[in-house]
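Values in this text are rule-based calculations from the coordinates and carry no lab data. Predicted model, so just to flag it, every value in this text is computed and none were measured. Neighbour counts are summed over all protein chains in view; Cβ atoms, including those assigned to glycine, are modelled from backbone coordinates with ideal geometry.
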């Protein structure tokens, strides 16, 4: 039973992190779209949102990150590690107990996101809001994708990706 609780905690923890980012970035994106934008702003906005929907939302989240989160959550059901269960969201994001490659990728993504947040926070509107709009679309697709993969897994369809655990 505690393994199932840990699996739910892992998925809901990741969903919570994405939701927090959406709530934080959404208002800035809306503010930019409500401004009196010029033609070049609308063009960049359209291209950027489309790019982020495909690159971050579909390729990054739906094809890789989301199914891996759910696959790793499923491994918590049988796990005996109290640490993995307590830190289930980090475990599900491959920030611990993953292959060497998985750990490097996960931590590089975290560091990269922190760096990009620092850079984007120095931008002025409407450019900051335009960037945030693309991120909001990508994160929104990612959030829906995690829920979709989790519902499918609960229905008996395993995620289409391995959990990337370290070699025994």
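Figures for the structure shown
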| read-out | value |
| --- | --- |
| Degrees, to the nearest 10: 2-34 long Cα axis against longest axis of the chain | 0 |
| Residue with peak Gaussian network fluctuation, the chain [Cα springs, cutoff 10 Å], from 133, 118, 150 | 118 |
| Mean separation of Cα contacts under 8 Å, 6 or more apart, over the residue count of the range 2-154: relative contact order % | 49 |
| Computed lengthening from residue 53 to residue 77, 0.36 nm per intervening residue step minus Cα-Cα distance | 5.4 nm |
| Alpha-carbon Rg with Dmax, taken over the range 2-154, Å | 17.0, 57 |
| Full-stretch length increase - residue 147, residue 20 - with 0.36 nm per residue and alpha-carbon distance subtracted | 44.2 nm |
| Acute angle (nearest 10 degrees) that the helix 127-154 long axis makes with the longest principal axis of the chain, alpha-carbon atoms | 30 |
| Distance-filtered residues of the range 122-156 - backbone nitrogen under 18 Å, label point 7 angstrom along residue 31 Cα→Cβ | 122-137 |
| Folded to 0 to 90 degrees: helix 66-78 orientation relative to the chain principal axis, Cα | 20 |
